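Below: one structure, written as structure tokens.
The values are calculated or read from the model by the stated rules, or taken from the named source; none is laboratory data. Values in this document were obtained by computation on a predicted structure and should not be read as measured data. Here the Cβ positions follow ideal geometry from the backbone for every residue, glycine too, while neighbour counts run over all protein chains shown.
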């Protein structure tokens, strides 16, 4: 999750500003997600091509990852040395819960949701998102 080569950004930019940037980027990610959905489903036509909407989504995901990394670095410096472990544990719990819900619905999660298999691996061993 963290890139130590750039964590000095968290030394310069105050946590409040990092949180504001994270909020802005997550809002842009939400908009990009909705645009791609509209483009794919075609129920509410949009002038954005699917390829363009997907590229924008990936860009916004990267922006959110950067902000999350910097917020984590800042919180670590502020005394929460276990933040990455806490996030990893929360991620494992949430992915397991999602997978369980899909199984309860009768879906085969191993085939339909290959990313869920990553939940049992420590962050350093997980595959990076494909962009």
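Looking at residue 72, is it modelled with pLDDT of 95 or more and in a helix (DSSP H, G or I)? Considered against the rule, which asks whether it is modelled with pLDDT of 95 or more and in a helix (DSSP H, G or I), residue 72 comes out as no. Output the residues belonging to segment 12-50 that are exposed (fewer than 14 other Cβ atoms within 10 Å of the Cβ), more than 30 Å from residue 79 (Cα to Cα) and modelled with pLDDT under 95. Hits for segment 12-50 are 40, 41, 42, 43, 44, 45, 47, 49. If you go through segment 5-21 and keep only what is without any contact (Cβ under 8 Å) to a residue 40 or more places away in the chain and in a helix (DSSP H, G or I), you end up with 5, 12, 16, 17, 20. Identify all residues within segment 89-104 that are surrounded by fewer than 18 Cβ atoms within 10 Å (Cβ to Cβ) and either in contact (Cβ under 8 Å) with a residue 24 or more places away in the chain or not in a helix (DSSP H, G or I) (or both); write none if there are none. Selection gives 91, 92.
The set of residues in segment 61-80 that are without any contact (Cβ under 8 Å) to a residue 24 or more places away in the chain and over 21 Å from the mean Cα position of the chain (by Cα) contains only 79.
Counting the residues of segment 22-60 that are within 16 Å of the chain's Cα centre (by Cα) and farther than 19 Å from residue 80 by Cβ gives 19.
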